[in-house]
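The values are calculated or read from the model by the stated rules, or taken from the named source; none is laboratory data. As the structure is a computational prediction, the values presented were derived from the model and not from experiment. FYI the Cβ positions are ideal-geometry reconstructions off the backbone, even for glycines, and counts take in every protein chain you see.
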There are 2 protein chains.
Amino acid sequence: MEAFKRAIPIAEALRRGEGYATVRGWVYRKRSLKEKVFVVLRDATGVIQLVFQRDKFKIAEDLNIESALVATGRLVREPRAPGGVELHVEKVEWAYAGEPYPINEDAAAADSEYLLDVRHLWLRSRKMQAVLKIRHTVFEAIHQYFRRSGFYEVQTPMFITAAVEGGATLFKVDYFGQPVYLTQSSQFYLEALIYSLEKVYVIAPSFRAEPSRTRRHLTEFWHAEMEMAWAGMEDAAKVGEEVISYVVEKVLQERAEELSLLGRKTEPLERAKPPFYRVSYDEAVEILRKKGVSISWGDDIGADEERALTLEFDKPLVLYGFPEKLKAFYHRNNPDRPEVTLSFDVLLPEGYGEVIGGGERIYDPVELVEKIKRFGLNPEDYQWYIDLRRYGSVPHAGFGLGVDRLVMWITGADHIRDVVPFPRDVRRTRP
Amino acid sequence: MEAFKRAIPIAEALRRGEGYATVRGWVYRKRSLKEKVFVVLRDATGVIQLVFQRDKFKIAEDLNIESALVATGRLVREPRAPGGVELHVEKVEWAYAGEPYPINEDAAAADSEYLLDVRHLWLRSRKMQAVLKIRHTVFEAIHQYFRRSGFYEVQTPMFITAAVEGGATLFKVDYFGQPVYLTQSSQFYLEALIYSLEKVYVIAPSFRAEPSRTRRHLTEFWHAEMEMAWAGMEDAAKVGEEVISYVVEKVLQERAEELSLLGRKTEPLERAKPPFYRVSYDEAVEILRKKGVSISWGDDIGADEERALTLEFDKPLVLYGFPEKLKAFYHRNNPDRPEVTLSFDVLLPEGYGEVIGGGERIYDPVELVEKIKRFGLNPEDYQWYIDLRRYGSVPHAGFGLGVDRLVMWITGADHIRDVVPFPRDVRRTRP
Ligand SMILES: [Mg+2]
Ligand SMILES: [Mg+2]
């Protein structure tokens, strides 16, 4: 394995531009021209053109797209080569030709189902590589924002017995012969943890048995959730706009190359600085009606309405004050106007819509039990959640952020499955 | 909510030691003495003694353990108070007395099942708070280590169709009427991702339908897994010892107070610096036999044997070269000695045992298919995994680290459920 260790990243070879170097990677493109074979090799950092003398390197003929290779040679500046540098190969130290690669990138781009079937290979594409690097930066930025803001990272269970969002979209697990469910949200557990740590967050999978295939739903998704003691709706909304703008700024700084490779226009991202617009549910209904959308006060603001609404604004907006029946039972009703809740969503612009749902929670146990009953639910099912309010309850608020949706907007993707390494929906659980 | 915002962390109030301050938190202890009521208040940062004039603050009489409170007053140095500072209360700006708290910490400590039943409340204990803070630091350190070492963070699916570790301990999910399973390890997915990003890691839940209750098994646990292209067993083992020592060092630096509160002796942690001991399976069998353990070459090294073995060493050890049949099919056999694999475990000292399992993977598709068959498995079930080797396969290695087990050792806990906020085992799925 000595040759592997000697290899330098391709980006580093391009920087050097001269001297001898060993590189390793996979064949990205290949063409033969008279006595030479030109191979573009990729690794995790970039691509470089290798030049083989055909008569000296029979192996060069045998290389397929995606064959693996470790090669040593002289770096030479060549303006016509990608990155401006070529490696004139003098030694091939390791090679694995393999079989002819089944994916033709250009042809395949047209058939997204095929690309999902071969996702385990399609991850090698430069487009997926760019998306994965952006995801890496997005997750890092979320952790950084929360940790620097005094939040503790916690872990909450995936196996649950009480539904947060309602029972219709729960996955059932056979748990040693008993039914348990997969979590839809860690919120209830975060609420338990604020009495210990005050400000907590978790980044973990959540699950929704979503039977329809939409551009923004998967059956499992990564959920960044937070909860803070001694806080109200507006405090949580501020954290929401701050974390989004922090993430976007970091991606703009560190992933400009990847955004450009994906053809993403960055202006909408650059504008996403706090404060985001604040739009009440009442105002949203008015705006939509003026646009000719048929909606009455009390109706839900679904994907289509969100889309119409966000197209009116040049940066994300905090949509707040939803009518009671549109939001789950745990949202605190506005004491000054009990028909609406202290709830909010953050909607992403350009038609992307909801990325955060949150608000202030009911902290009074009597009010909570009453609302559980008013919603036709059984307080017995929420016993420990109610229990939290019986001993030193405090006002608190939080939210859940769909990380994959945020990545979707940042990358400008059309479909959420395009930004998840191994997406899962009603029809797909492999590879 | 104005009073909430004015409050400063208790740790900050202790630092100031004079002037006026507002603090907020929960009642940790309370005692009355003539005309005064002494209340020890805790928040996420520490505890401070509040002194109430009984005649001025009727509310002080009504406070229960865990009642919530926002109070303003004068900070006074008082050597007999915890932290050396008291707050002489002049104004109570918010209070939520609630009901008498059901947990008596001292009495409860004896009954761990009871404490699991009320885990949603028990998280408020100073002991759980210390454990949670250590977890926070452990997770941060793992991310930091991998990111600084050039690994990309990725997310892998929880819903799977092929077993990594074997079918016996898979949880079955009702997936729109079809069976799918919960992941036991992200390894196969990480292997797909190395062709794109070369060095990848994930920190996510994994699931094992473990029917027995042991001190180191849960049905869901947090798994930190990594995979690297162009690497062998010893490369992966080095990453393993580095990440563990990095985590331990960070906890020693940043969580000394919490370790002390938990009564953890730090010497075993301080010694955990690379290189860890390297012990071959052959040597381990010899050592165990000399200690009188009845074991033959080829037998498994289970929890009891690991315990006996680690007590012979003063820091973690890399146990490597397990016989073929003791490790899963994907482990590469040693080409120089095919009866053993290029596999390793990292065992924690003081009897804690296995925290990492890893090794080099088979990269040749023919060798892989042969071994799958030799293990009595069906290559059809591993089609996309085999596929990875058909196009530019490369030597690679990786491991999985049980994060909760690492926290267990760092905190010196007797049982893994003592270091997980909401532990899940065969008998427990709530709260
Ligand atoms: Mg909505
Ligand atoms: Mg073992």
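With A:Leu63, A:Leu50 as the choices, which residue is away from chain B (no Cβ under 14 Å) and buried (at least 21 other Cβ atoms within 10 Å of the Cβ)?
Selected residue: A:Leu50, the only one of A:Leu63, A:Leu50 that is away from chain B (no Cβ under 14 Å) and buried (at least 21 other Cβ atoms within 10 Å of the Cβ).
Among the residues of the range A:386-404, is any crowded, with 20+ Cβ neighbours inside 10 Å, of a type in the set (D, E, K, R), in contact with a strand residue (DSSP E or B) (Cβ under 8 Å, 6 or more places away or on another chain) and more than 12 Å from chain B (Cβ to nearest Cβ)?
Checked the range A:386-404: no residue is crowded, with 20+ Cβ neighbours inside 10 Å, of a type in the set (D, E, K, R), in contact with a strand residue (DSSP E or B) (Cβ under 8 Å, 6 or more places away or on another chain) and more than 12 Å from chain B (Cβ to nearest Cβ).
In the range B:294-309, which residue that is in contact with a Lys or Arg (Cβ under 9 Å, 6 or more places away or on another chain) and not in a loop (DSSP other than H, G, I, E, B) is farthest from ligand 2 (Cβ to nearest atom)?
Restricting to residues being in contact with a Lys or Arg (Cβ under 9 Å, 6 or more places away or on another chain) and not in a loop (DSSP other than H, G, I, E, B), the top hit is B:Ala308.
Taking the residues in the range A:335-350 that are away from every other protein chain (no Cβ under 14 Å), surrounded by 24 or more Cβ atoms within 10 Å (Cβ to Cβ) and over 26 Å from A:Leu269 (Cβ atoms) as candidates, determine which candidate is farthest from ligand 1 (Cβ to nearest atom).
Within the range A:335-350, the match that is farthest from ligand 1 (Cβ to nearest atom) is A:Thr341.
Quick check, is B:Ala256 away from chain A (no Cβ under 14 Å), away from ligand 1 (no atom under 16 Å from the Cβ), farther than 30 Å from B:Lys373 by Cα and not acidic (Asp, Glu)?
Criteria met by B:Ala256.
So that you can scan it fast, the table gives a plain yes or no per residue for (1) more than 20 Å from the chain's Cα centre (by Cα); (2) closer than 30 Å to A:Val200 by Cβ; (3) not assigned by TED's automatic domain parsing to the domain that holds A:Ser185:
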site: A:Val89; (1), (2), (3): yes, no, yes
site: A:Tyr101; (1), (2), (3): yes, no, yes
site: A:Glu113; (1), (2), (3): yes, no, yes
site: A:Leu123; (1), (2), (3): no, no, no
site: A:Met128; (1), (2), (3): no, no, no
site: A:Ile134; (1), (2), (3): no, yes, no
site: A:Ser149; (1), (2), (3): yes, yes, no
site: A:Glu153; (1), (2), (3): no, yes, no
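Go through (1) crowded, with 20+ Cβ neighbours inside 10 Å; (2) more than 26 Å from the chain's Cα centre (by Cα) one by one and return the number of the condition B:Gly353 breaks.
In the conditions (1) crowded, with 20+ Cβ neighbours inside 10 Å; (2) more than 26 Å from the chain's Cα centre (by Cα), B:Gly353 misses (2) alone.
State which residue is surrounded by the most Cβ atoms within 10 Å (Cβ to Cβ) when the search covers only the range A:137-159 and only residues that are without any contact (Cβ under 8 Å) to a residue 40 or more places away in the chain and farther than 30 Å from A:Val173 by Cβ.
Result: A:Arg147.
Search the range A:90-134 for residues being charged (D, E, K, R) and within 13 Å of chain B (Cβ to nearest Cβ), and hand back the single one that is surrounded by the most Cβ atoms within 10 Å (Cβ to Cβ).
Across the range A:90-134, the extreme among qualifying residues is A:Arg124.
With the condition kept exactly as written, say whether any residue in the range A:72-86 is over 27 Å from B:Tyr382 (Cβ atoms) and within 14 Å of another protein chain (Cβ to nearest Cβ).
No: the range A:72-86 contains no residue that is over 27 Å from B:Tyr382 (Cβ atoms) and within 14 Å of another protein chain (Cβ to nearest Cβ).
Can you report the number of residues in the range A:282-311 which are farther than 24 Å from A:Leu342 by Cβ and either within 14 Å of ligand 1 (Cβ to nearest atom) or not aliphatic (A, V, I, L, M) (or both)?
Total satisfying the criteria: 8.
Tell me which residues, restricted to the range A:67-85, are surrounded by 23 or more Cβ atoms within 10 Å (Cβ to Cβ) and in contact with a Leu (Cβ under 9 Å, 6 or more places away or on another chain).
Within the range A:67-85, A:Leu69, A:Ala71 meet the criteria.
Among the candidates B:Glu198, B:Glu210, single out the residue that is farther than 30 Å from A:Ile386 by Cα and either of a type in the set (Val, Ile, Thr) or modelled with pLDDT under 95 (or both).
B:Glu210
Taking the condition of being in a helix (DSSP H, G or I), touching a residue at least 60 places away in the same chain (Cβ under 8 Å) and of a type in the set (Lys, Arg), how many residues in the range B:229-285 meet it?
Of the residues in the range B:229-285, 1 are in a helix (DSSP H, G or I), touching a residue at least 60 places away in the same chain (Cβ under 8 Å) and of a type in the set (Lys, Arg).
Among the residues of the range B:24-39, write down those that are part of a strand (DSSP E or B) and surrounded by fewer than 20 Cβ atoms within 10 Å (Cβ to Cβ).
Within the range B:24-39, B:Arg29, B:Lys30, B:Arg31, B:Ser32, B:Leu33, B:Lys36, B:Phe38 qualify.
Mind listing just one residue for me: the one in the range A:352-366 that is in contact (Cβ under 8 Å) with a residue 40 or more places away in the chain and β-branched (Val, Ile, Thr) and, of those, farthest from B:Ala95 (Cα to Cα)?
By that ranking, first place goes to A:Val355.
Those residues that are modelled with pLDDT of 95 or more and of a type outside the set (A, V, I, L, M), I need them from the range A:102-121; list them, please.
A:Arg119, A:His120
Go through the residues of the range A:200-216 one by one and say whether even a single one is at the interface with another protein chain (Cβ under 10 Å from one of its Cβ atoms), part of a loop (DSSP other than H, G, I, E, B) and buried (at least 22 other Cβ atoms within 10 Å of the Cβ).
Among the residues of the range A:200-216, not one is at the interface with another protein chain (Cβ under 10 Å from one of its Cβ atoms), part of a loop (DSSP other than H, G, I, E, B) and buried (at least 22 other Cβ atoms within 10 Å of the Cβ), which makes the answer no.
Looking only at the range A:405-431, count how many residues are at the interface with chain B (Cβ under 7 Å from one of its Cβ atoms) and of a type outside the set (D, E, K, R).
Number satisfying all stated conditions: 5.
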